[in-house]
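What follows is one structure encoded as structure tokens, with my remarks underneath.
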Amino acid sequence: AANFDDFLGQVGKGQPFCFWLGTHEPHRGFEEGAGQRTGKDPAKVIVPPIFPDHPIVRNDLLDYFVEIEHFDKMVARAINTLEKAGQLDNTIVVVTSDHGMPFPRAKASLYDAGSRVPLAIRWPKGIKDSGRAVDFCVNLSSLAPTFLAAAGLQIPDMMTAGSLMSVFSNEGKPNLRSFKDESSAFIAMERHDGCRKGGKGYPCRAIRTRQYLYIINFEPTRWPAGNPDREFCARYIPFGEVDSSPTKSLLMDNKDKPGFKRFYDLAFAKRPAEELYHVTKDPGQIINLAGNSKYAVVQNKLAA
């Protein structure tokens, strides 16, 4: 944020500019206990269904919230800088993230906890009826053609994602790829840290519609969270694709105890080649419907 203050001070009058403001927060590690020290109540935490409801998890989430609040303050500082410079209403401000939260079965996965990110856009001169919430499935690939279109520039043919300009003008859905008549987001991962013998990754692909999440894991014999043997990870930690955290330690230390094994397996166990989840009925994406005859038509169409 301080860099942005310096940067904007060097921008000439009427000179176009682009700035990417990224902070370390909310990456690991967190300041343990910061959540409670700032007055947050562990009892009010909504624990995602992919974790055990345990005091360590609740406090880990509270500490994560503090990190997010710090980022929010940096965004507010940048917006204030734009306002003081008289540039706020002439600037497209986009707030988003590159992945989900740094917890087991989240970051470095194609589940919603790993790939669904916030997206808020402010552009008074270009967005009609500000304050609208849009429920289309949008991929961040749409940002580049959106910026080009907003600046009046030609979008190269090589950019296959659709611009969001039609959403800004409130004229309809974005020109996005779709599954039948439903908007879809296409997601891919090859590797994170490559914590497997030979530095191999975990190639997988997903389609996320408003109703379903379909995943193909191309190498289901590999460990999705990295090899359990720390020898094969550059960071020298077991399951090294998952950041070290109190929640991760809790699952690993209690993996054979009742009430924990299910969550341990969700985070670290090998996964089948195909996964299908009904995201409205199962928001945590825990019940794999792949192979269920009732959902065979959906599975086959998404697979195709």
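The values are calculated or read from the model by the stated rules, or taken from the named source; none is laboratory data. As the structure is a prediction and not an experimental result, all values here were calculated from the model. FYI the Cβ positions are ideal-geometry reconstructions off the backbone, even for glycines, and counts take in every protein chain you see. Accessible surface areas use protein heavy atoms only, side chains included; no ligands, DNA or RNA. Shrake-Rupley method; radii C 1.70, N 1.55, O 1.52, S 1.80 Å.
Observations on the structure shown:
- Net length available on complete extension from Asn3 to Asp282 is 96.2 nm, with 0.36 nm assigned per residue and the Cα-Cα distance removed.
- Option label - Cα Rg over 2.2 N^0.38 Å computed here, alternatives (i) 1.10; (ii) 0.99; (iii) 1.03: (i)
- Where only C-alpha atoms are counted, convex hull volume of region 205-304 per residue in Å³: 128 Å³
- What separates the Cα centres of region 211-280 and region 77-125 is a distance of 27 Å.
- 10 Å binning of all Cα-Cα separations within region 73-152, expressed as whole percents from 0 upward: 15, 39, 34, 12, 1
- Measuring nothing but alpha carbons in region 5-84 and taking Rh as the Kirkwood radius, the Rg to Rh ratio lands at 1.17.
- Protection proxy ranking of 257-266, 100-109, by the mean of other Cβ atoms within 10 Å over each peptide's residues and highest first, is 100-109, 257-266.
- Remark: for residue pairs Lys257/Lys281; Lys40/Lys257; Lys200/Lys248; Lys40/Lys84; Lys107/Lys281, the C-alpha separation exceeds 24 Å in Lys257/Lys281; Lys40/Lys257; Lys40/Lys84.
- The listed peptides 235-243, 157-165, ordered by packing as a protection proxy, come out as 235-243, 157-165 (highest mean of other Cβ atoms within 10 Å first).
- Per residue Cα convex hull volume in Å³ - calculated over region 61-110: 74 Å³
- Label point distance in nm, Lys257-Asp53, each placed 7 Å from Cα along Cα→Cβ: 1.8 nm
- Ranked by solvent-accessible area (1.4 Å probe, protein heavy atoms only, all chains present), the residues Arg222, Arg116, Arg230 order from largest to smallest as Arg116, Arg230, Arg222.
- Toward the positive end of the charge dipole of the chain, with +1 on the Cβ of Lys and Arg and -1 on the Cβ of Asp and Glu, the farthest Cα among Trp20, Leu148, Thr91 is that of Leu148.
- Accessible-area value, His192, 1.4 Å probe, nucleic acids and ligands omitted, Å²: 70 Å²
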